Amino acid sequence: MSQRSCLSVILAAGEGTRMKSAMPKVLHAIAGLPMVAHVVKAAEAAGATGLALVIGHGAEEMRKAAQKFAPKAETFVQEKRLGTAHAVLAAREAISKGYDDILVMFGDTPLIDAGALAAARQKLAEGAAVAVIGFRPPNPTGYGRLIEKGGRLTAIREEKDCSEAEKKIGFCNAGMMAVAGKHALRLLDKVGNNNAKGEFYLTDIAEIAGAEGLDVVATEAGFENALGINNRAELAEAEGIWQARRRREAMLAGVTLIAPETVHFSHDTEIGADTIVEPNVWFGLGVKISTGATIHAFSHLTGATIGENSEVGPFARLRPGADLRKKAKVGNFCEVKQSTVEEGAKVNHLTYIGDARVGAGANIGAGTITCNYDGYSKFFTDIGEGAFIGSNSSLVAPVSIGKGGYIASGSVITESVPDDALAFGRARQKTLPGKGKELRERFASVAAARKKAAE
Ligand code: UD1
Ligand code: MG
C-alpha cells in the first residue's frame with residue numbers, strides 16, 4: 001500500500017455557528033493544536049502524499065493558519081455550501097492530478113485515527129472502489145446509516161431520507177471514506193441533489209459506484225474516530241479524550257503521573273521515562289522534559305526544556321526559553337523566562353529569573369529578582385558558576401556576577417561583580433543601644449496624652 005499515492009481532501013468550509021466564535025470552527029484547538037491540524041496529522045500518518053484543504057468561512061484566516069500546520073497543503077475555496085460532494089469537488093484540480101487513493105476527511109473530526117484511515121486505504125489496495133469508514137454510536141440519530149448486503153455496502157442513507165426500518169440500523173457513516181482516484185471525479189460528478197436537504201451528498205457515491213458494478217465496502221472504526229465537534233462542549237469532550245489517550249501513552253512509556261486526570265499535555269509535549277509528575281500540572285506548548293525529572297504539583301510550563309533529574313515546583317512557572325540543565329532546581333513560586341539554569345544550580349524560592357544565565361551550582365536566594373526590563377528594552381544578567389546571591393537581591397541588568405561571586409542579602413546590584421568578590425549593594429546597618437526602649441516609652445506617653453484629652 002505504501003507505494004500508492006494518496007490525496008487527502010479535508011472538508012472545512014463549514015461556518016460552525018454553534019461555536020459562537022469569531023474564529024473558524026476548525027481552528028479551535030485541542031491540546032494547543034487546531035483541530036484541523038490533528039486531521040492533517042492523521043492523514044499524513046496514514047500515508048497521504050498530497051493535501052487539499054476545502055475552505056469557505058474565514059478563508060483568509062484559514063489560509064494563514066494552514067501555512068503553519070500544513071505548509072504543503074493546497075487550499076480550495078467552496079464559495080457556496082451545497083453539500084459534502086460539492087465540497088470535495090472544489091478540490092477537482094488536485095484530484096485530477098491522478099492519485100491512486102483519495103481520502104475524504106472532515107476538518108471538525110479531530111480524533112480520527114491514522115489506523116482507521118489506513119484500513120480504508122487497504123480496501124482500495126485490495127480492489128474496492130469506495131471504502132467508507134463506519135462506526136456504531138451509542139445513539140445513531142443524525143448519522144447516515146450504512147446499508148449492507150452480503151458484505152457489500154449498497155447505500156448510505158442520511159437520517160432525513162431513511163425509512164423507519166433503515167433508522168433502526170446501528171452501523172453509521174463516520175463521514176470519512178477512501179475512494180479510488182481513477183473513479184473519484186466520475187462518481188462525484190454523477191451525484192445529484194434530489195434529497196430531503198437538497199444538497200449534493202458525498203455519501204451518494206456508494207450507491208452510484210455499486211450501480212456501475214464497482215466494489216463498495218465499509219470498514220469499522222471506534223466511536224471516538226467519528227466524534228464531530230459542533231460546539232464548545234463537544235470541543236471539551238474531544239480534549240478530554242485526547243488528554244486521556246496522551247496520559248496513558250506517557251504512563252506506558254515510563255512516566256509516573258500520580259493523578260493523571262489533573263495533568264494537561266500539549267500536542268508536542270515530550271517527556272522522558274522515570275519523570276514523576278505530581279497533580280495539577282500544565283504543560284503548555286513546546287515543553288521538553290528529559291528523564292528522571294520531578295515536576296511538583298501546580299506547576300505551569302510553556303516552551304521550557306528540562307534536563308535530566310532536575311526538579312520543578314511546586315507552584316513554579318516556566319516560560320518560553322527556560323532551559324534547565326541536569327539536576328537544576330526551580331522551586332516554589334519562582335518564574336523563569338528565556339534563561340538557562342545550568343547544572344545543579346538552585347533557584348528555590350520566590351524568585352524571578354528572566355533573560356539570564358545561572359551558572360552551574362549557583363545558589364539564588366529567596367526573593368531574588370533579575371530586573372531585566374526598563375520599560376523599553378530587555379537586558380541580560382549573567383550569573384557565574386558557583387555564585388551565591390543573597391536573599392531579596394535585585395540584579396539590575398545588564399549586569400554580571402563573576403564565578404563564585406557573593407552578593408549580600410537585600411542588595412541592589414547595578415555594577416558587575418568580579419569572580420570571587422563580595423558585593424554589598426545596600427546601606428550599612430546602624431545599631432543604637434537602648435534606643436528601642438526609649439522610642440517605645442515616648443510613643444506610649446503620646447498615646448496616653450491623646451486618650452486623656454479626648455475624655
Ligand atoms: C455527514 C454525512 C453523514 C455522517 C456524518 C458523520 C454526508 C452527506 N453526510 O453528515 O452520513 O453520518 O457526516 O458526522 O456526507 N462541509 C463543507 N461544505 C459543504 C458541506 C459540508 O465543507 O457544503 C464540511 C463541513 O464543514 C463538515 C463536513 O463537511 O466538516 C461534514 O458536513 P456536515 O454538514 O457536518 O455533515 P453531516 O450532516 O454531519
Ligand atoms: Mg456533522
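On the given criteria, is Pro71 outside any strand (DSSP E or B), surrounded by fewer than 24 Cβ atoms within 10 Å (Cβ to Cβ) and either at pLDDT below 95 or touching a Ser or Thr at 6+ places or on another chain (Cβ under 8 Å) (or both)?
Values: outside any strand (DSSP E or B): yes; surrounded by fewer than 24 Cβ atoms within 10 Å (Cβ to Cβ): yes; either at pLDDT below 95 or touching a Ser or Thr at 6+ places or on another chain (Cβ under 8 Å) (or both): no.
Taking the combined requirement at face value, the residue does not satisfy it.
Picking from Leu82, Leu27, Leu89, which residue would you name as being open to solvent by 10 Å² or more (accessible area, probe 1.4 Å), within 15 Å of ligand 1 (Cβ to nearest atom) and out of contact with any helix residue (DSSP H, G or I) (no Cβ under 7 Å at 6 or more places or on another chain)? Spell out the reasoning first.
Details: Leu27 fails: out of contact with any helix residue (DSSP H, G or I) (no Cβ under 7 Å at 6 or more places or on another chain); Leu89 fails: out of contact with any helix residue (DSSP H, G or I) (no Cβ under 7 Å at 6 or more places or on another chain).
The conditions single out Leu82.
Does the range 188-199 contain at least one residue that is under 25 Å from Gly56 (Cα atoms) and out of contact with any helix residue (DSSP H, G or I) (no Cβ under 9 Å at 6 or more places or on another chain)? Walk me through it before giving the result.
Step one: list which residues in the range 188-199 are under 25 Å from Gly56 (Cα atoms), which gives 188-199.
Remaining after also requiring out of contact with any helix residue (DSSP H, G or I) (no Cβ under 9 Å at 6 or more places or on another chain): 194, 198.
Checked the range 188-199: at least one residue is under 25 Å from Gly56 (Cα atoms) and out of contact with any helix residue (DSSP H, G or I) (no Cβ under 9 Å at 6 or more places or on another chain).
Here is a list: Ile258, Ile276, Ile271. Which entry is under 16 Å from the mean Cα position of the chain (by Cα) and either open to solvent by 10 Å² or more (accessible area, probe 1.4 Å) or small (Gly, Ala, Ser) (or both)?
The match here is Ile271.
Just to be sure, is Glu148 open to solvent by 10 Å² or more (accessible area, probe 1.4 Å) and either in contact with a His (Cβ under 8 Å, 6 or more places away or on another chain) or under 21 Å from Leu214 (Cα atoms) (or both)?
Details: open to solvent by 10 Å² or more (accessible area, probe 1.4 Å): yes; either in contact with a His (Cβ under 8 Å, 6 or more places away or on another chain) or under 21 Å from Leu214 (Cα atoms) (or both): yes.
Yes.
Out of the range 199-221, which residues are within 24 Å of Gly107 (Cα to Cα) and either in a helix (DSSP H, G or I) or open to solvent by 40 Å² or more (accessible area, probe 1.4 Å) (or both)?
Glu199, Phe200, Leu202, Thr203, Asp204, Ile205, Ala206, Glu220
Can you tell me which residues in the range 93-113 are open to solvent by less than 30 Å² (accessible area, probe 1.4 Å) and farther than 20 Å from Leu27 by Cα?
Scanning the range 93-113 gives Ala94, Ile95, Asp101, Ile102, Leu103.
Does Leu324 count as over 20 Å from the mean Cα position of the chain (by Cα) and without any contact (Cβ under 8 Å) to a residue 60 or more places away in the chain? Even if it seems obvious, please write down each step before you answer.
Values: over 20 Å from the mean Cα position of the chain (by Cα): yes; without any contact (Cβ under 8 Å) to a residue 60 or more places away in the chain: yes.
The answer is yes for Leu324.
It is to be established whether one or more residues within the range 42-50 are open to solvent by less than 20 Å² (accessible area, probe 1.4 Å) and either within 11 Å of ligand 1 (Cβ to nearest atom) or assigned to a strand (DSSP E or B) (or both).
For the range 42-50, residues open to solvent by less than 20 Å² (accessible area, probe 1.4 Å) and either within 11 Å of ligand 1 (Cβ to nearest atom) or assigned to a strand (DSSP E or B) (or both): present.
Out of Ala155, Ala226, Ala184, report the one residue that is within 16 Å of ligand 2 (Cβ to nearest atom) and open to solvent by less than 20 Å² (accessible area, probe 1.4 Å).
Values: Ala155 fails: within 16 Å of ligand 2 (Cβ to nearest atom); Ala184 fails: within 16 Å of ligand 2 (Cβ to nearest atom).
Result of the check over Ala155, Ala226, Ala184: Ala226.
Does any residue of the range 172-180 turn out to be out of contact with any Leu (no Cβ under 6 Å at 6 or more places or on another chain) and open to solvent by 20 Å² or more (accessible area, probe 1.4 Å)?
The answer is no; no qualifying residue exists.
Pairs needed: first member in the range 237-263, in contact (Cβ under 8 Å) with a residue 60 or more places away in the chain; second member anywhere, exposed (fewer than 15 other Cβ atoms within 10 Å of the Cβ); C-beta distance under 9 Å; at least 6 residues apart or different chains.
These pairs meet every condition: Gln243/Glu261.
Limited to the range 118-130, what total is found for residues that are touching a helix residue (DSSP H, G or I) at 6+ places or on another chain (Cβ under 6 Å) and either open to solvent by 10 Å² or more (accessible area, probe 1.4 Å) or within 15 Å of ligand 1 (Cβ to nearest atom) (or both)? Give the steps one after another, and end with the answer.
Applying the first criterion (touching a helix residue (DSSP H, G or I) at 6+ places or on another chain (Cβ under 6 Å)) to the range 118-130 yields 129-130.
Now restrict to residues that are either open to solvent by 10 Å² or more (accessible area, probe 1.4 Å) or within 15 Å of ligand 1 (Cβ to nearest atom) (or both): 130.
Qualifying residue count, the range 118-130: 1.
Hey, among Leu422, Leu432, Leu395, which residue is among the aliphatic types (A, V, I, L, M) and in contact with a Cys (Cβ under 9 Å, 6 or more places away or on another chain)? Break it down into steps so the answer makes sense when it comes.
Details: Leu422 fails: in contact with a Cys (Cβ under 9 Å, 6 or more places away or on another chain); Leu432 fails: in contact with a Cys (Cβ under 9 Å, 6 or more places away or on another chain).
Answer to the check: Leu395.
So, in the range 198-253, how many residues would count as being in contact with a strand residue (DSSP E or B) (Cβ under 7 Å, 6 or more places away or on another chain) and on the phi > 0 side of the Ramachandran plot?
0
Just to be sure I understand, how many residues within the range 4-20 are part of a loop (DSSP other than H, G, I, E, B) and within 14 Å of ligand 1 (Cβ to nearest atom)?
The initial filter retains those residues of the range 4-20 that are part of a loop (DSSP other than H, G, I, E, B), namely 4-5, 13-16, 20.
Still in the list and also within 14 Å of ligand 1 (Cβ to nearest atom): 13-16.
Residues that pass the stated criteria total 4.
The values are calculated or read from the model by the stated rules, or taken from the named source; none is laboratory data. None of the values given here were measured: they were computed from a predicted structure. Virtual Cβ from ideal backbone geometry, glycine too; neighbours counted across all protein chains shown. We work out accessible area using only protein heavy atoms, side chains counted, and drop any ligands, DNA or RNA first. Shrake-Rupley method; radii C 1.70, N 1.55, O 1.52, S 1.80 Å.
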